1. Given the residues 30, 55, which is the only one that is more than 24 Å from residue 163 (Cα to Cα) and in a helix (DSSP H, G or I)?
2. In this structure, is residue 144 exposed (fewer than 13 other Cβ atoms within 10 Å of the Cβ), free of Cβ contacts under 8 Å to residues at least 24 places away in the same chain and not in a helix (DSSP H, G or I)?
3. Tell me, yes or no, whether the stretch 75-87 has at least one residue that is closer than 30 Å to residue 143 by Cα, touching a strand residue (DSSP E or B) at 6+ places or on another chain (Cβ under 6 Å), surrounded by fewer than 18 Cβ atoms within 10 Å (Cβ to Cβ) and at pLDDT 95 or above.
4. Filter the stretch 58-73 for residues that are assigned to a helix (DSSP H, G or I) and touching a helix residue (DSSP H, G or I) at 6+ places or on another chain (Cβ under 6 Å); which is surrounded by the most Cβ atoms within 10 Å (Cβ to Cβ)?
5. Within the stretch 7-45, work out how many residues are at negative phi, exposed (fewer than 14 other Cβ atoms within 10 Å of the Cβ) and modelled with pLDDT under 95.
6. Looking at this structure, is residue 70 closer than 18 Å to residue 165 by Cα and touching a strand residue (DSSP E or B) at 6+ places or on another chain (Cβ under 8 Å)?
7. Any residue in the stretch 116-123 that is at pLDDT below 95 and surrounded by fewer than 21 Cβ atoms within 10 Å (Cβ to Cβ)?
């Protein structure tokens, strides 16, 4: 296995995070992967290669357009060319107070040249199911049109590169 410096891993991870989670530039996100990358998504199926990732990520993120990703922490493992990140999959509460979250972990393998060769996602399925039910209930009670507003009001307390705009429509490049 190739070994990359912690600095290179960190730079690649920050680009990955800013492009996908914060920027929601799904074409750009797909371009962060190698042409033959493997994306392992235990609930939604595996994807092989940049173009298959692109063809999948764009419609799935549109379907769940109210969700955004709040960073918690990440760690680098240069011995394995790996980054592990823990996050909250987040929806703003339709009442305007608080969020509805469920946790996830992503494991990335860096392939060099700023690209990831592998991603594996884990998320708390029972918590995701409960969060989706709670969000639908809250939309019915407070704001039936909330999903289409695509608010992103609580990015958490992570470093600057993890912070995004207050809505999908206000993000850079929108």
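The values are calculated or read from the model by the stated rules, or taken from the named source; none is laboratory data. Everything numeric here is computed off the predicted structure, so don't read it as measured data. A quick note on method: Cβ atoms are made from the backbone with ideal geometry, for glycine too, and the neighbour counts reach across all protein chains shown.
1. 55
2. Values: exposed (fewer than 13 other Cβ atoms within 10 Å of the Cβ): yes; free of Cβ contacts under 8 Å to residues at least 24 places away in the same chain: yes; not in a helix (DSSP H, G or I): yes.
Yes: the conditions hold for residue 144.
3. yes
4. Residues of the stretch 58-73 assigned to a helix (DSSP H, G or I): 58-63.
If we keep only those that are touching a helix residue (DSSP H, G or I) at 6+ places or on another chain (Cβ under 6 Å) too, we end up with 58, 61.
Details: 58: 14, 61: 16.
For the stretch 58-73, the residue satisfying everything is 61.
5. Residues flagged as at negative phi, exposed (fewer than 14 other Cβ atoms within 10 Å of the Cβ) and modelled with pLDDT under 95 within the stretch 7-45 amount to 3.
6. Yes.
7. As a first pass, look at the stretch 116-123 and keep what is at pLDDT below 95: 123.
Keeping just the survivors that are surrounded by fewer than 21 Cβ atoms within 10 Å (Cβ to Cβ) gives 123.
Checking the stretch 116-123: at least one residue is at pLDDT below 95 and surrounded by fewer than 21 Cβ atoms within 10 Å (Cβ to Cβ).
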